[in-house]
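Single-structure report; data block below.
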Amino acid sequence: MEKPKVVLGVSGGIAAYKACELLRRLTESGHDVRVVPTEASLNFVGAATWSALSGNPVSTEVWESVHEVPHVRIGQAADLVVVAPATADMLARAAHGLADDLLTNTLLTARCPVVFAPAMHTEMWEHPATQENVATLRRRGAVVIEPAVGRLTGVDTGKGRLPDPGEIFEVCRRVLARGPGARDLAGRHVVISAGGTREPLDPVRYLGNRSSGKQGYALARTAVARGARVTLIEANTGLPDPAGADVVRAGTAVQLREAVLKASADADVVVMAAAVADFRPAAYASGKIKKKDGQEPAPITLVRNPDILAEVAADRARPGQLVVGFAAETDDVLANGREKLRRKGCDLLVVNEVGERKTFGSEENEAVVLGSDGGETAVPYGPKEALADTVWDLVTARFG
Ligand SMILES: Cc1cc2nc3c(=O)[nH]c(=O)nc-3n(C[C@H](O)[C@H](O)[C@H](O)COP(=O)(O)O)c2cc1C
């Protein structure tokens with residue numbers, strides 16, 4: 001079988017060196033990669049590196065190998081174009097349809113999905129010119145991955161950092177797999193909670209649960225690849241941030257509730273995949289609880305935590321907002337799931353059976369997605385990503 005053809009555009013940002021890792025991931029996973037750098041980017045990484053790592057010729061201008069008409073052919077033949085890093089200048093040139101080098105010509109001739117991974121200083125990213133260019137590119141069908149927050153060139157920190165190359169690769173892999181119709185969540189804001197809350201007893205102990213957050217992260221990664229603006233509210237996962245998602249940290253059920261309510265104010269869909277503790281200790285000991293000779297430990301009194309899913313479902317922040325819940329059950333799975341769907345008032349409920357190899361911590365899952373319209377969609381045992389895509393399929397079908 002022919003290898004999928006990927007064009008890796010590299011523009012002149014300090015993060016250009018990180019594109020070497022993205023290139024390696026793409027070639028090692030069986031893609032034929034043609035690197036098309038801008039002239040400015042060669043100040044950061046030279047053409048020899050791209051040529052040796054990709055095994056393909058490298059040029060920046062349309063005037064080389066003219067008999068092969070590269071300014072048209074490279075874009076036409078591509079199955080995916082990814083520009084990483086994408087400078088403010090590159091976004092502007094792409095948004096305005098300029099064709100003054102090989103990469104911008106390629107962007108105009110490509111009919112395949114296009115992914116931009118911008119990286120720049122926060123001021124450049126937040127400038128209305130850049131934001132309008134990003135909005136234009138998204139409107140036209142490109143996946144523009146939100147930059148990460150973190151250390152920038154020099155001592156600055158803020159939004160504008162290139163996401164981890166492994167995570168950009170994950171977006172590319174998913175966009176390639178879904179093809180040109182991939183962006184069915186474009187223009188939508190999705191809020192996803194993931195992980196498990198920890199309810200503190202004292203400064204060193206907490207009551208927690210076994211949720212790893214992997215299903216919520218799979219939902220976030222697939223949603224980014226489908227073009228959504230994603231807010232991921234994570235509780236104690238320790239997982240790497242998915243490229244393109246705005247990640248908000250929350251430790252306890254109360255913090256998670258606050259973060260979910262804030263983020264869902266303008267959300268089209270809220271997916272509560274986090275395992276939120278039903279109860280928390282009634283009292284928090286500010287010093288470590290000590291064992292005392294000859295004394296039994298004092299019992300722990302619990303109080304109820306807020307029911308975030310029921311609250312979000314009952315109090316939709318905007319008309320038409322969809323709410324998706326998760327239920328992990330050990331017995332009478334479907335009957336309990338149907339009852340929970342009714343009780344919580346959500347639109348979809350993903351019911352999984354907790355068991356060995358399934359659900360907590362594993363890479364795979366198996367579930368039935370129940371709909372408030374009576375629909376039941378069985379998702380066979382497989383990667384959590386497949387279940388995530390089924391959830392988005394059911395969500396987009398409800399958007400109509
Ligand atoms: C050291 C250095 C680092 C730079 N880093 C960035 C960056 O991260 N993002 C960006 O948009 N521009 C950055 N620039 C500015 C771009 O290189 C400049 O806008 C250039 O014209 C981009 O050309 P290109 O888009 O054709 O690659 C940097 C410039 C220098 C000198």
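Taking a virtual spin label 7 Å from the Cα of residue 92 along the C-beta vector, which residues in region 132-154 bring their backbone nitrogen under 17 Å of it? It comes to 132-137, nothing else. Inter-label distance, residue 295 to residue 68: 8.0 nm, where each label sits 7 Å from its Cα along the C-beta direction. Going from the fewest other Cβ atoms within 10 Å to the most, the residues 241, 393 appear in the order 393, 241.
How do 280, 24, 140 rank when sorted from fewest to most other Cβ atoms within 10 Å of their own Cβ?
In increasing order of surrounding Cβ atoms, one gets 140, 24, 280.
Note the full-extension length gain between residue 56 and residue 318 as 0.36 nm times their separation in residues minus their Cα-Cα distance, in nm to one decimal. Intermediate results must be reported in sequence, preceding the final value.
Working: separation 262, 0.36 × 262 = 94.32 nm, distance 5.05 nm.
My answer for the length gained is 89.3 nm.
Kindly state, to the nearest 0.05, the FRET efficiency for residue 155 paired with residue 43, given R0 = 22 Å and r defined as their beta-carbon distance. The computed FRET efficiency comes out at 0.55. For the residue pairs 214/344; 340/384; 290/344; 159/288, alpha carbon separations beyond 32 Å are given by 290/344; 159/288. Near residue 326, the amide H atoms lying under 5 Å from its own belong to 272, 350; only residues 5 or more places off or on other chains count, and H is placed 1.01 Å from N.
Phi-derived couplings, Karplus 6.51 cos²θ - 1.76 cosθ + 1.60 at θ = phi - 60°, listed residue by residue for region 290-295: 9, 7, 10, 3, x, 10 Hz, with x used for Gly and Pro.
Helices in the chain, meaning DSSP H runs of at least 4 residues, each add -39500 (n - 2.57). Divided by all residues, the mean residue ellipticity at 222 nm is -9500 deg cm²/dmol. Take the Cα of residue 99, step 7 Å along the line toward its Cβ, and report every residue of region 128-167 whose backbone nitrogen sits under 19 Å from that point. Counting backbone N atoms under 19 Å from the label point, the list is 137, 140-142.
In region 278-292, which residues have a backbone nitrogen under 18 Å from the label point lying 7 Å from residue 205's Cα in the Cα-to-Cβ direction? Flagged as within label range: 279-292. Modelled label positions at residue 278 and residue 335, each set 7 Å beyond Cα in the direction of Cβ, lie 1.7 nm from each other.
Every number here is computed from the coordinates shown, using simple stated rules; none is lab data. What you are looking at is a predicted structure, and each value in this text was computed from that prediction instead of being measured. Backbone-built Cβ (ideal geometry, glycine too); neighbour counts: all protein chains shown.
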